[in-house]
Amino acid sequence: MADISKEQVKHVAGLARLAITEEEADMFTQHLSSIIEYAEQLNELDTENVEPTTHVLDLKNVLREDEPKEWITKDEALKNAPDTQDGYYRVPSILE
Amino acid sequence: MSLFDHSIKQLEEMLHRKEISAEDLVDASFDRIHEVDEQVQAFLTLDEEQARNQAKQLDAAPDENARLFALPAGIKDNIVTKGIRTTCGSQFLKNFDDPLYNATAIEKLNAEKMVSVGKLNMDEFAMGSSTENSSYKSTRNPWNTDHVPGGSSGGSAAAVAAGEVLFSLGSDTGGSIRQPASFCGVVGMKPTYGRVSRFGLVAFASSLDQIGPITRSVEDNARVLEVISGHDKMDSTSADVDVPSYTDALTGDVKGMKIAVPKEYLAEGVAPEVKEAVISALNKYKELGAEWEEVSLPHSKYAVAAYYLLASSEASANLARFDGVRYGVRSDNATNMMDMYTHSRSEGFGDEVKRRIMLGTFALSSGYYDAYYKKAQKVRTLIKNDFDNILKDYDVIIGPTAPTPAFKIGENVDDPLTMYANDILTIPVNLAGVPGISVPCGFSEAGLPIGLQIIGKPFDESTVYRTAHAYEQATDHHKQRPLLGGVK
């Protein structure tokens, strides 16, 4: 597996919805390359017949009745938002 | 001598006998905070008015059944508190003044009448090992303010060590309770995954995160964990397992106990003075009638790599909720929706958070998922099997908590890999989901605390506490106090 390139870093930043400057792209390329190179040591292990562990608990699906209940009010939901209007979250227009 | 040099049990008796009042305890906490927090920088938000009012009310209506009656506590700032600003150490949440509800752990502490005095500093979104990644300020180690307190629960450990609160809550994803407890010379417990509800803990890596207590003594720690443990229907990963009395387990007796000592935990990279302190602790256990043997956790060397892939992947998904719409800060520099997301996130998150989001997004992206993410999950299985195998034959596993005492502020800040290696002895415990505690076991030549890590079987916190308590009773490391402000 090769090093991560600056183009890949920019692509990944786009996927993660992060705007990065050229300077930041250089820095992250260097950091991510060294971390990924370090992660390559996992390839020393043969894991062909090993089951992946997503979770240590023996979890079962937790089901409940779908019942309406009071949680927070609309005013409360909007209370911490950076921009609201007339009881809604206000965001930039998505249509030209 | 500070009131907080007493144990929770002693203070409880003093309150019942009316030798002290709830107001005395709150005064003791704020007096100390005002005296030393300028040096320690542990708190992000103080809630003095609420705490003082609450103390008055508690004095008016004493409750002998409440298990944490009137005891002043600090809360890590990634645990949501109704009506109290919760920032996760991030500028993104600098205006998150009212999270609207309490985390389940907070509800449980409130039910036992604790008094929250405020919110404690941390690495941004719990990502870091030194609290230098907080976007507000760097907390200092009370033993030497040129050194870090550890992280990410650095504020939680430093506040207890400096005598500002009697206990605090932290969260531990890869060592974030145990490593700062080790650096600050206090007791920090990461319970079994699922033991404490994560409801209201702002998620970093959901399959690894656990809330746990930081205290001065093992007994206090057991008391607090007893209160916050238990099944919670608000957290579907919380385990429906009975909670025994952890304090009942503190018998002081470890005769015949079988201790495993992984040779990887005393290998190269562990500072000689740390190794020496751990060996001397093991000899103490021998004196107390326990036996120990060297064992191997052969896959521990792969834990850090697996952890960073898994934790960062989960973090990239969890932090996708920060979009600048419902809470947090929104960028002023956006004209359309996509710009709003990207600019808000870029301005809101610090470098370490961005680094991990990008690593996680990369590891989960098409073409790399099998090579990195799935591979890391398989390695996690091997690491968990290592622990299962050893814990079949032994009661506990013992080693150091961190490979070195607290390092200097700024020393590792530009070197993520060195910083990550600091968690090499705590991370495997999170991957395996088992409980682990750090207790003080000595001091370096420079006078910085060293921590002993005791790891147990899943949901067997009782044995971990019993082992830790017996050692604590036989030694006096936990009685040492930092000289901050000239007060011992």
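The values are calculated or read from the model by the stated rules, or taken from the named source; none is laboratory data. These numbers come from a predicted model, not from an experiment. With ideal geometry, Cβ positions are generated from the backbone for all residues, glycine too; neighbour counts draw on all protein chains shown.
Could you look through the stretch B:404-418, keep only residues that are within 12 Å of another protein chain (Cβ to nearest Cβ) and either surrounded by fewer than 21 Cβ atoms within 10 Å (Cβ to Cβ) or among the β-branched types (Val, Ile, Thr) (or both), and pick out the one that is nearest to B:Pro180 (Cα to Cα)? Among those that are within 12 Å of another protein chain (Cβ to nearest Cβ) and either surrounded by fewer than 21 Cβ atoms within 10 Å (Cβ to Cβ) or among the β-branched types (Val, Ile, Thr) (or both), it is B:Thr418.
Does the stretch B:178-193 contain at least one residue that is within 14 Å of another protein chain (Cβ to nearest Cβ), among the aromatic types (Phe, Trp, Tyr), in contact with a Gly (Cβ under 6 Å, 6 or more places away or on another chain) and touching a residue at least 60 places away in the same chain (Cβ under 8 Å)?
Going residue by residue through the stretch B:178-193, those that are within 14 Å of another protein chain (Cβ to nearest Cβ) are B:190-193.
Pick out the ones that are also among the aromatic types (Phe, Trp, Tyr) and you get B:193.
With the extra rule that they be in contact with a Gly (Cβ under 6 Å, 6 or more places away or on another chain), the set shrinks to B:193.
From the residues that got through so far, the ones that are touching a residue at least 60 places away in the same chain (Cβ under 8 Å) too are B:193.
Yes.
Considering only the stretch B:89-98, how many residues are out of contact with any Asp or Glu (no Cβ under 6 Å at 6 or more places or on another chain), touching a residue at least 24 places away in the same chain (Cβ under 8 Å) and not polar (S, T, N, Q)? Walk me through it before giving the result.
Filtering the stretch B:89-98 down to residues out of contact with any Asp or Glu (no Cβ under 6 Å at 6 or more places or on another chain) leaves B:91-98.
Then drop every residue that is not touching a residue at least 24 places away in the same chain (Cβ under 8 Å), which leaves B:91-96.
Retained after the next criterion (residues that are not polar (S, T, N, Q)): B:92-94, B:96.
Looking only at that region, the number is 4.
Residues that are facing another protein chain (nearest Cβ under 9 Å), under 22 Å from A:Leu42 (Cα atoms) and part of a helix (DSSP H, G or I) do occur in the stretch B:337-355, at least one of them. Scanning the stretch B:301-327 for residues that are more than 7 Å from chain A (Cβ to nearest Cβ) and either small (Gly, Ala, Ser) or part of a loop (DSSP other than H, G, I, E, B) (or both) turns up B:Ala303, B:Ala311, B:Ser312, B:Ser313, B:Ala315, B:Ala317, B:Ala320, B:Phe322, B:Asp323.
Could you grab me the full set of residues in the stretch B:2-23 that are of a type in the set (Val, Ile, Thr) and in contact (Cβ under 8 Å) with a residue 60 or more places away in the chain? First the steps, then the outcome.
Here is the first cut: in the stretch B:2-23, the residues of a type in the set (Val, Ile, Thr) are B:8, B:20.
Residue satisfying the conditions is B:Ile8 alone.
Would you point out which residue out of B:Gly348, B:Gly360, B:Gly399, B:Gly367 is under 30 Å from B:Pro482 (Cβ atoms) and small (Gly, Ala, Ser)? It would help to see each step written out before you state the result.
Numbers: B:Gly348 fails: under 30 Å from B:Pro482 (Cβ atoms); B:Gly360 fails: under 30 Å from B:Pro482 (Cβ atoms); B:Gly367 fails: under 30 Å from B:Pro482 (Cβ atoms).
Going through B:Gly348, B:Gly360, B:Gly399, B:Gly367 in turn, just one is under 30 Å from B:Pro482 (Cβ atoms) and small (Gly, Ala, Ser): B:Gly399.
Consider the stretch A:41-59 and keep the residues that are more than 7 Å from chain B (Cβ to nearest Cβ) and polar (S, T, N, Q). The one that is surrounded by the fewest Cβ atoms within 10 Å (Cβ to Cβ) is A:Asn49. Taken over the stretch B:194-220, the criterion of being of a type in the set (A, V, I, L, M, F, W, C), in contact with a strand residue (DSSP E or B) (Cβ under 7 Å, 6 or more places away or on another chain) and within 14 Å of another protein chain (Cβ to nearest Cβ) is satisfied by B:Val196 alone. Candidates A:Val12, A:Val62: the one that is of a type in the set (Val, Ile, Thr), outside any helix (DSSP H, G or I) and at the interface with chain B (Cβ under 7 Å from one of its Cβ atoms) is A:Val62. Across the stretch B:267-281, the number of residues qualifying as closer than 15 Å to B:Gly451 by Cα and surrounded by fewer than 19 Cβ atoms within 10 Å (Cβ to Cβ) comes to 7. Across the stretch B:106-165, the number of residues qualifying as in a loop (DSSP other than H, G, I, E, B) and hydrophobic (A, V, I, L, M, F, W, C) comes to 7.
Quickly run through the stretch B:433-467 and pick out the residues that are assigned to a helix (DSSP H, G or I) and among the charged types (D, E, K, R).
Going residue by residue through the stretch B:433-467, those that are assigned to a helix (DSSP H, G or I) are B:461-467.
Those that are assigned to a helix (DSSP H, G or I) and among the charged types (D, E, K, R): B:Glu461, B:Arg466.
Results for (1) of a type in the set (A, V, I, L, M, F, W, C); (2) over 18 Å from B:Leu109 (Cα atoms); (3) touching an Asp or Glu at 6+ places or on another chain (Cβ under 7 Å), shown as yes or no for each residue.
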residue	(1), (2), (3)
B:Leu44	yes, yes, yes
B:Asp47	no, no, no
B:Gln54	no, no, no
B:Gln57	no, no, no
B:Ala61	yes, no, no
B:Arg67	no, no, yes
B:Val80	yes, no, no
B:Thr86	no, no, yes
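Among residues of the stretch A:66-88 being basic (Lys, Arg) and closer than 24 Å to B:Lys94 by Cα, the one that is farthest from the other protein chains (Cβ to nearest Cβ) is A:Lys74.
Can you find a residue in the stretch B:417-424 that is at pLDDT 95 or above, out of contact with any Gly (no Cβ under 7 Å at 6 or more places or on another chain) and hydroxyl-bearing (Ser, Thr, Tyr)? Before you say what the answer is, go through the steps one by one.
Going residue by residue through the stretch B:417-424, those that are at pLDDT 95 or above are none.
Checked against the condition, which is being at pLDDT 95 or above, out of contact with any Gly (no Cβ under 7 Å at 6 or more places or on another chain) and hydroxyl-bearing (Ser, Thr, Tyr), the stretch B:417-424 yields no hits at all.
Restricting the first member to the stretch B:366-379 and to residues that are more than 9 Å from B:Leu310 (Cα to Cα), and the second to residues that are outside any helix (DSSP H, G or I) and β-branched (Val, Ile, Thr), the beta-carbon pairs closer than 7 Å and six or more apart or on different chains are B:Lys375/A:Thr47; B:Lys378/A:Thr47; B:Lys378/A:Val50; B:Val379/A:Thr47. Looking across the stretch B:1-34, the residues that are within 22 Å of B:Asp77 (Cβ to Cβ) and of a type outside the set (A, V, I, L, M) come down to B:Phe4, B:Ser29, B:Phe30, B:Arg32, B:His34.
Surrounded by 20 or more Cβ atoms within 10 Å (Cβ to Cβ), among the charged types (D, E, K, R) and either more than 7 Å from chain A (Cβ to nearest Cβ) or farther than 30 Å from A:Lys79 by Cβ (or both) - does that describe any residue in the stretch B:361-372? So far as the stretch B:361-372 goes, no, none of its residues is surrounded by 20 or more Cβ atoms within 10 Å (Cβ to Cβ), among the charged types (D, E, K, R) and either more than 7 Å from chain A (Cβ to nearest Cβ) or farther than 30 Å from A:Lys79 by Cβ (or both). Within the stretch B:328-347, being crowded, with 24+ Cβ neighbours inside 10 Å and touching a Phe, Trp or Tyr at 6+ places or on another chain (Cβ under 7 Å) holds for B:Gly328, B:Arg345. Of the residues making up the stretch B:220-250, those that are within 30 Å of B:Ala161 (Cα to Cα), touching a Ser or Thr at 6+ places or on another chain (Cβ under 7 Å) and of a type in the set (Asp, Glu) number 2.
Counting residues in the stretch B:293-303 that are in contact with a helix residue (DSSP H, G or I) (Cβ under 9 Å, 6 or more places away or on another chain), surrounded by 23 or more Cβ atoms within 10 Å (Cβ to Cβ), free of Cβ contacts under 8 Å to residues at least 60 places away in the same chain and closer than 29 Å to B:Pro435 by Cβ gives zero. When each of B:Gly399, B:Gly360 is tested for being in contact (Cβ under 8 Å) with a residue 40 or more places away in the chain and either part of a strand (DSSP E or B) or under 19 Å from B:Glu264 (Cα atoms) (or both), the lone residue that passes is B:Gly399.
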